[in-house]
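First comes the structure, then the notes that go with it.
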Amino acid sequence: MAVLEPKIEDFPRIRKALKAYMVTSVVTGIMLLLLCAVMVMKYAFGVELFVNTPQGAFHFYPTIPLGQEEEFVREGFNLFKAILIAHGWFYVVYLISNFMLWSPMRWPFWRFLLLALGGVIPFLSFFLEGRTAKQVNAYLEKREAAVAA
């Protein structure tokens with residue numbers, strides 16, 4: 001089976017996609033670490049952080065037991081829920097940037113799945129970002145040198 005290689009005319013698009021991937025992978029990794037901290041605080045310590053509450057700028061409220069949401073009124077903005085939602089939406093942007101890089105590079109599908117895991121496994125996006133950027137840049141430089149020769 002022949003291995004498909006990226007087209008030379010796609011190299012500028014690949015470079016732009018690589019930049020987008022590098023930015024989104026770092027932001028997604030940071031958001032995932034924040035989400036992990038939120039989950040630890042919520043499930044291990046039983047608290048949620050609210051902003052702009054009557055008790056002050058920041059206040060930790062105890063986590064509400066399941067089924068008792070109507071009995072508890074908490075004022076302010078739930079920062080934990082905002083982090084959860086933000087990570088979810090930014091993960092979609094991260095997946096789009098993965099696809100924008102994966103498609104013109106003509107990698108196998110398992111590679112796309114590996115990149116996608118970077119947004120759900122803590123610290124993996126940081127590792128993959130550095131490794132992928134190095135591999136793509138080296139590949140592009142090698143192919144351009146071969147074409148120039």
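Here, each number is a calculation from the coordinates, and none is a lab measurement. Predicted model only: the values in this text are computed from it and were never measured. Because the Cβ atoms are built from the backbone with ideal geometry, glycine has one as well, and the counts that use them run over all protein chains shown.
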**Asked** Of L101, F90, N78, which is farthest on the positive side of the dipole of the chain, counting Cα position, with +1 on Lys and Arg Cβ, -1 on Asp and Glu Cβ, and the Cα centre as origin?
**Response** L101
**Fill in**
Computed over segment 1-135, the convex hull of the Cα set has an average projected area, in nm², of 10.9 nm²
**Request:** Rounded to whole Hz and in sequence order, give me ³J(HN,Hα) for segment 135-143 from the Karplus expression 6.51 cos²θ - 1.76 cosθ + 1.60, θ = phi - 60°, writing x for Gly and Pro.
**Result:** 5, 5, 4, 5, 5, 4, 5, 5, 5
**Item:** 5 angstrom amide H check on V47, placed H, neighbours 5+ away
**Value:** K42, T63
**Message:** For a Förster distance of 25 Å, can you work out the FRET efficiency between the beta-carbons of T53 and V120, rounded to the nearest 0.05?
**Reply:** 0.20
**Message:** Could you work out the relative contact order of the chain? I mean the mean sequence separation of Cα pairs under 8 Å and 6+ apart, divided by the number of residues, in percent.
**Reply:** 34 percent
**Asked** Can you run phi through the Karplus equation (6.51, -1.76, 1.60; θ = phi - 60°) for segment 46-54 and list ³J(HN,Hα) in whole Hz, with x for Gly and Pro?
**Response** x, 10, 10, 9, 10, 10, 6, 9, x
**Request:** Would you count, across the chain, every pair of lysines whose alpha carbons are under 24 angstrom apart, provided the pair is eight or more residues apart or spans two chains?
**Result:** 10
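Output the peptides 5-18, 88-101 sorted from most to least packed, where packing is the average of other Cβ atoms within 10 Å over each peptide's residues.
Numbers: 5-18: 14.6, 88-101: 17.9.
Result, highest mean Cβ count within 10 Å first: 88-101, 5-18.
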**Request:** Please turn the phi angles of segment 94-111 into ³J(HN,Hα) values with the Karplus equation 6.51 cos²θ - 1.76 cosθ + 1.60 (θ = phi - 60°), one per residue in order, whole Hz, x for glycine and proline.
**Result:** 4, 5, 5, 5, 4, 5, 4, 8, 4, 4, x, 6, 6, 7, x, 4, 4, 5
